[in-house]
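Heads up: the structure comes next, in structure tokens.
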Amino acid sequence: MKIWKKTAYVMILVLLLCVSYPFGPNIVSATSSTKDKIDKTQREKDTLQDELDKTQDNLDDLEGKRDTLKKELDYLNGQLSSVVASLEELEQQIRQKEEEISETQSALEEAKDKEATQYETMVVMARCQYEQQEDTYLTAILTAGSFSELLNMVDRIEKVVAYDQRLLQEYKENRILIEEHEERLQAEKTELEELRLRAEEEKDKVSDMISQTSSSITKYADQISDAEQKALAYEAEIRKKEEDLEYLKKKLAEEIAMSQAAANGKWRNISEVGFAEGDRRLLANLIYCEAGGEPYSGQVAVGSVVINRVLSSKFPDTVVGVIYQSGQFSPVASGRLDLALAADKATDSCYKAADEAMAGVTNVGNCVYFRTPIEGLSGISIGGHIFY
């Protein structure tokens, strides 16, 4: 009887061992092989992540240089506008000087004509008085009827001569003043033209600097575009590594458990959420990165996942906190979201989807995760994603 009991005990122990290890000794080999694959995949993923981090640092550096150049370009454009305004003012002043010079030259010609005419008049009078015997001073004196008439005649003649001389002197002085004025105007015009030449040189210098700065900005824009493409490639490779082997199964198990915990946890009402300035732009650009090429329903679904997390007690309670929570959204890790935000690449439909989600609209229930379809994953299928 004791022997039978002992035999039965051994048989039960063997059965339990078989149940615990249905594949026998091969399970150790299989587990080891899977672990090796997981370790290898993890190492490859870490290497890719390092490369992605370097690319992101390079992107940050390039964007910093580009932004600095843009500020410099704005400053140069301001300088150019100032120089152009100065040039226009100088041109206007030169035109005014030229008009003044033209008017002065006309006045000068008129003054010379008057002076010449007055001189000729005096010459003619002198000839009449001294060359024609019938009308000389002597004849006038000899024919005078009385001494008083003679004095009056001499006085009139002297007054006429004095008037003519005074008039000639005034014309001479006026011509000299006009000539001096013209000389001053010409000097001022020359000074203005020198200022204009210097302003033109400054304009050319600033224009060259603007051209060089614009070329540098274009160069950095091209480098940023290349870095963005590289970041996208690394992001795709990292996503592929994440979806390999047991790594993905483990991650899925954790996400499903978290999703279930969220579903069973405490939820806020959308009316209790206070959105911060910039939340709409941030959410719309995340939707653009994750579902920009998806149907509108897919864009709403991505926005709903973010807002569901905000409402759930298992996740951060702000849009910024949810989106930038470590390891949650690949466009954040790759830097693609920052690039999209910098240029505000979100489309109108992305903004509309963000508005609906922030208003409490959801087409995925309480789902708090999404990913591209893989074998064994069930949930709500919208566009190119499964929501769970």
Residues located in the stretch 43-62, provided they are open to solvent by less than 30 Å² (accessible area, probe 1.4 Å) and under 21 Å from Thr218 (Cβ atoms): Thr55, Leu59, Leu62
Hits in the stretch 190-231 (condition: open to solvent by 40 Å² or more (accessible area, probe 1.4 Å) and either among the acidic types (Asp, Glu) or touching a Ser or Thr at 6+ places or on another chain (Cβ under 7 Å) (or both)): Glu191, Glu193, Glu194, Glu200, Glu201, Glu202, Asp204, Asp208, Asp222, Asp226, Lys230
When residues of the stretch 232-287 are limited to those that are among the small types (Gly, Ala, Ser) and crowded, with 16+ Cβ neighbours inside 10 Å, the one modelled with the highest pLDDT: Ala284
Residue satisfying all of: in the stretch 266-277; in contact (Cβ under 8 Å) with a residue 24 or more places away in the chain and of a type outside the set (S, T, N, Q); farthest from Lys314 (Cα to Cα) among these: Ala276
Considering residues of the stretch 298-317 that are among the hydroxyl-bearing types (Ser, Thr, Tyr) and modelled with pLDDT under 95 only, the residue farthest from Gly384 (Cα to Cα): Ser313
Answer residue from the stretch 54-86, given it is closer than 25 Å to Gly335 by Cβ and of a type in the set (S, T, N, Q) and is modelled with the lowest pLDDT among those: Gln56
Where a residue in the stretch 335-354 is open to solvent by less than 10 Å² (accessible area, probe 1.4 Å) and its partner, wherever it lies, is among the β-branched types (Val, Ile, Thr), with Cβ under 8 Å and at least six apart: Gly335/Thr55; Leu337/Ile323; Cys350/Ile287; Ala353/Ile287; Ala353/Val300; Ala353/Val302; Ala354/Ile287
Residues (of a type outside the set (Ser, Thr, Tyr), in a helix (DSSP H, G or I) and over 31 Å from the mean Cα position of the chain (by Cα)) located in the stretch 290-335: Gly298, Ala301, Val305, Ile307, Asn308, Arg309, Val310, Leu311
Test: residue in the stretch 204-213 that is assigned to a helix (DSSP H, G or I), farther than 29 Å from Gln96 by Cβ, among the aliphatic types (A, V, I, L, M) and modelled with pLDDT of 80 or more: yes
Test: residue in the stretch 179-190 that is assigned to a helix (DSSP H, G or I), of a type outside the set (Ser, Thr, Tyr), at negative phi and modelled with pLDDT under 75: no
Leading residue by the ranking (most open to solvent (accessible area, probe 1.4 Å)) among those in the stretch 355-388 that are more than 23 Å from Arg268 (Cα to Cα) and part of a strand (DSSP E or B): Ser381
Members of the stretch 58-112 found to be in contact with a Lys or Arg (Cβ under 8 Å, 6 or more places away or on another chain), among the hydrophobic types (A, V, I, L, M, F, W, C) and farther than 18 Å from Glu193 by Cβ, listed by number: Leu80, Leu108, Ala111
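The values are calculated or read from the model by the stated rules, or taken from the named source; none is laboratory data. Nothing here was measured: the structure is a model prediction, and the numbers come from that model. Note: ideal-geometry Cβ built from the backbone for every residue, glycine included; neighbour counts use all protein chains shown. Accessible surface areas use protein heavy atoms only, side chains included; no ligands, DNA or RNA. Shrake-Rupley method; radii C 1.70, N 1.55, O 1.52, S 1.80 Å.
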